[in-house]
Amino acid sequence: MALGLQTLRKGLVSGLNDNTQLNDQSAAVTAVAYTASGAINDADSVVTIATNVQAYTIAQPRIGRILVISEVGAAAGGITVTLTSGTYDGTNSIATFNAAAETLVLLGISNTRFLILKNIGSVALS
């Protein structure tokens, strides 16, 4: 599915109100390390997962949310990140990480769907 630049821009700013200011200043982002099964906080933008055979959940995509999930361990058994509502790509709601450095870079394009900007390594979707 092709997504035009104007549509993407409109989706990114649709949640802004009159009090929101946009600027070009960059801010440091610190990765939040998750080491036990559970929910990934909606406020986190960069997440690392490191423990073998864990299961994580994300409540749902949100318009404009940028989320980076990266495995920093070497999980042989797989780490799953499941959307409890919505999909990663219009079809799949489970991402399975099986090797160090596997990473998903996601952009919320609706409240039911992430757009996969980059799948580094071979994160499996099902």
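General remarks:
- T57 in contact with a Gly (Cβ under 8 Å, 6 or more places away or on another chain), modelled with pLDDT under 90 and either in a helix (DSSP H, G or I) or among the hydroxyl-bearing types (S, T, Y) (or both): no
- Among the residues of the range 10-19, not a single one is polar (S, T, N, Q), at pLDDT 50 or above and in a loop (DSSP other than H, G, I, E, B).
- Here N52 fulfils each of the conditions (1) over 13 Å from the mean Cα position of the chain (by Cα); (2) in a strand (DSSP E or B) apart from (2).
- Single unsatisfied condition, S45 versus (1) crowded, with 16+ Cβ neighbours inside 10 Å; (2) within 9 Å of the chain's Cα centre (by Cα): (1)
- Filter pass, I94 being under 17 Å from G38 (Cβ atoms), modelled with pLDDT of 95 or more and among the hydrophobic types (A, V, I, L, M, F, W, C): yes
- Some residue of the range 79-86 being modelled with pLDDT under 90, in a loop (DSSP other than H, G, I, E, B) and among the β-branched types (V, I, T): no
- Of the residues making up the range 48-72, those that are buried (at least 20 other Cβ atoms within 10 Å of the Cβ) and either of a type in the set (A, V, I, L, M, F, W, C) or in contact with a Pro (Cβ under 7 Å, 6 or more places away or on another chain) (or both) are I49, I58, L67, I69.
- Identity of the residue in the range 97-120, in a loop (DSSP other than H, G, I, E, B) and free of Cβ contacts under 8 Å to residues at least 40 places away in the same chain, that ends up nearest to G78 (Cα to Cα): N98
The values are calculated or read from the model by the stated rules, or taken from the named source; none is laboratory data. From a predicted model like this one, the values you see are computed outputs, not experimental measurements. With ideal geometry, Cβ positions are generated from the backbone for all residues, glycine too; neighbour counts draw on all protein chains shown.
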